[in-house]
1. With labels modelled as points extended 7 Å from the Cα through the Cβ direction, what inter-label distance (nm, one decimal) is found for residue 738 paired with residue 310?
2. Would you kindly state how much longer the chain becomes between residue 258 and residue 105 on full extension, computed as 0.36 nm times their sequence separation minus their alpha carbon distance, in nm to one decimal?
3. Specify whether the C-alpha gyration tensor of the stretch 174-244 places it in the rounded, prolate or oblate class, a ≥ b ≥ c being the square roots of the eigenvalues: rounded for a/c under 1.5, otherwise prolate if a/b is larger than b/c and oblate if not.
4. Rounded to whole Å, give me the distance from the Cα center of the stretch 591-619 to that of the stretch 723-767.
5. For an R0 of 25 angstrom, estimate the FRET efficiency from the Cβ-Cβ distance between residue 142 and residue 223 and round to the nearest 0.05.
6. Classify the stretch 338-390 from the C-alpha gyration tensor, please: rounded if a/c falls under 1.5, else prolate or oblate depending on whether a/b exceeds b/c.
7. Can you bin the stretch 247-334 into rounded, prolate or oblate? Criterion: square roots of the alpha carbon gyration tensor eigenvalues sorted a ≥ b ≥ c, rounded for a/c under 1.5, prolate for a/b above b/c, oblate for the rest.
8. How would you rank 525-534, 584-593, highest first, on the average number of other Cβ atoms within 10 Å across their residues?
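Taken together, the values in this text are just the output of simple stated rules run on the coordinates, not laboratory data. Please read these numbers as outputs of a predicted model, since none were measured by experiment. All Cβ positions, glycine included, derive from the backbone under ideal geometry; neighbour counts span all protein chains shown.
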């Protein structure tokens, strides 16, 4: 028993016998008890709470205060005892002692007694009203430690004794949350309450823990989750809570105009071009799922990434008949997906060229990208038709399909050199139409003169070999002088798939690609005449070219090659930014196997490996985003990047399919293919990228490349004939300007620090 007596006697004013007074409010824990009764006797009135096995709790307490007849209360000095109409609040009684009972068998007895007493403002010697007692009961309850309380008043010679009988909350042993199927795991639940188990349950602490549960749900994106309770507290210390996580009852997709209207001027619903299944497949959010804000935000980002929509508005509509369920309404504003482009440019393969293109990125509302592009240049032309499906319908792996048909004419860079000239065409023989007859154009009448001044008549010959065997003393090649042009006609397709384990919207670093290509390759001159032979030199007597200086520009010296290949690749990409990464890795391993379909169709394999790595740094701080003020977020896309590439070709290699070294995407101190034409190669690059201004970044780089001595292993040895060095390095600075069409790169690079500078202009980073 816990007692607090008065320090000294208080003077009482009364001419009659001692009166007995009562203040007996009873307060339930949230206002509801299962059993209670009013008990009266000669000396006391009080409300007793009979605790059952469990108590029900509501959100707010509802106090039951009983106003009793106070005529017999002892009136303290200064109050009018003759005024029977004095209000209850004005009548006071003297408290001589406070006694706290009900904790005798509780393991936390002493601490809880002190807590209950310290919560009260009433002290022995206090003069109190019923309102004072009510407030102290509120204070006791507000500590959160007690599930029941009652007050008895006892007469003493010195005043009124307050006997406070309290019932403590049980020792917390278990927290149960209904329903059992929920996002919050038992492990996480026990983690939250771990420090509370084995201790007296405190309702205030319980509310803090409930808030921690709510915070966890919110941090995980489950922003509609609602936790209520406790719905039950047993004497054994088991507390039950209820949770309503918030389910999605439906998903509505509405097309709206730029003003947010769902109907057109005629009052009809706006019908979008995009198929609704194209939108739905981008959504992780599904009907029946628990609403998750983070998932929905990622869904919106994916919808924007399709480049099909200008705006996506989200509205949550509660279902009145089903509390805890909502309908997710998406308001979609489509953007124009067709475009017509044109322009002028320059490239090493085509010289000055003009280009016109027609694009549609949402063909037939299926998110198909179609492109028709026509390029006509100084040295060639290209007509390309392509179709890209980013996600084949109903494919759970998000497989993409890319197809193309093309017709091109271009001067192969393998046969040109800035310093060593180029390989030009030579004529070999004349082929009579619709026959097997062939003969040298310039020697068809008189091929030579014998010692007796008679003419040697030769031909016709069915092929060049027979002509050479018949008259080996003659040159069967005449110098033409036009550049060799490769005419390619063909097409191909490829399938790409992320390795997501059947979860198409899961972001994974690994992906694979398979595909096939078919093309016809014809070496011709600018006039379209077949030129399967070429020569580098121009110094020939009477235009007659010695056979030893003639090379084959096509496989098997034929006028047409058929190339059929199967390709495969695997890619790892965890770069933090696809356009301008500052950290992460990129790895691509690709192989293309060519198969023979006849005499003039080669068999060979080409394999390449490309690896890049980026490290974030913060060295130069030109841009203010690299010097954030306290409290500001850093905005400094600055990094050191490294790239390494290696490749090899095995088999019957056509010279125009060899690896090219040099150019804006290779060793930048050389023009395209000017460093080497190789069967094997290796390249390495290091770059330091740093922001200068909001739209401008600087670059310092070093490149190096080598053919590993393999130029001599390329048929015809075009690299050796054109005196390409085969290996070298370059260093230089550059600037990148961020524009709506992408980063524009401007660079200057040296050749082996020789003082020879080359300038590059291109779109996009080198790697």
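1. The two pseudo-label positions are separated by 2.4 nm.
2. 47.8 nm
3. Here the stretch 174-244 falls in the prolate category.
4. That distance is 23 Å.
5. Working: r = 30 Å, r/R0 = 1.21.
My answer for the efficiency is 0.25.
6. prolate
7. oblate
8. Most protected by this proxy first, the peptides run 525-534, 584-593.
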